[in-house]
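Reviewing the structure listed below.
Each value in this text was obtained by applying a stated rule to the coordinates, not by laboratory testing. Computed from a prediction, not measured in an experiment: that's the story for all the values here. Glycine gets a Cβ as well: all are built from the backbone with ideal geometry, and neighbour counts include every protein chain shown.
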Amino acid sequence: MIAFARPAFPLACLFLVCFLTGQCRADFQTGLLAYYPFNGNTLDYSGNGRDLMLVGNPGFALGMFGQALVLDGTANQYAIRPVSDSVFDFGSGDFTVQAWVNFNPRSSIGEQTIIEKLTGTGGPGWSLTTPSFTHYQFFDSTAVALNGGSPTTGVWLDVIVERSGNLESLFVDGNLVVSKPTIGALLASPNPLLIGRRNLGDPRNFAMDGAVDDVAIWDRALTANEIATLWNGGQGTPVLAPPSPAPAPASLTLCVIGLAILAGYGWLRRTPLIAGRTTLA
């Protein structure tokens with residue numbers, strides 16, 4: 001008699017569901033500190049409760065996935081944490097910050113701050129921005145500045161910065177743009193996380209004119225495969241799957257069907273087909 005290991009069916013069922021429904025995903029939940037899909041609100045969908053607060057009544061419109069936060073390029077509209085979260089200071093640990101952005105075309109485009117946790121003009125803290133709108137820049141209080149890429153208008157762009165060990169890297173649309181060695185731990189800023197403009201201690205504002213979507217922050221460095229998955233050839237992949245109207249029953253149905261097939265096969269293996277014959281040829 002052939003004995004089948006008990007875990008075989010659950011694993012096979014999981015594989016079947018993933019294959020037929022496309023629900024197989026990278027584990028972006030691991031190490032996720034905050035996740036803002038901006039689907040009509042500024043809630044943190046990581047489960048950590050780090051919701052943002054809107055200032056200046058910005059709106060929402062069609063985004064890269066669902067809806068996106070729309071900012072008008074003035075210093076009056078932005079999203080901000082009401083408190084300073086030490087987990088966003090990063091210190092000497094690994095981290096990843098992602099934002100999908102779509103800048104509005106206009107006659108004169110200057111620097112626009114995407115996201116930061118910074119004090120004043122130069123820190124402590126860190127900032128992801130677009131100096132003179134000629135390139136992206138991530139700079140931090142250790143004096144490391146990553147400069148590269150070419151911001152464009154009217155299209156969705158996936159901008160990611162990460163630190164892995166002693167290396168900081170900037171990715172745009174899934175491609176590595178620049179890397180540099182780190183210089184010690186990032187110094188903590190007392191200011192809160194801010195999206196869409198420079199902090200109030202810098203009068204230059206550097207407000208964002210456009211839309212931002214699917215902002216996520218991790219306390220780990222994403223892998224090259226994970227970054228490629230998020231870009232997904234330009235189609236993008238949301239960090240967490242959006243809620244769907246009852247995926248469980250569909251998955252359960254597939255599992256039940258698979259169970260019935262295996263059970264039927266097992267029954268046939270044990271049921272006589274003709275008198276005196278107890279197994280299938």
Inverse mean reciprocal Cα-Cα distance (Kirkwood Rh) of region 51-177, Å: 15.6 Å
Sorted by average packing, counted as other Cβ atoms within 10 angstrom per residue and highest first, what order do 45-56, 122-133 take? 122-133, 45-56
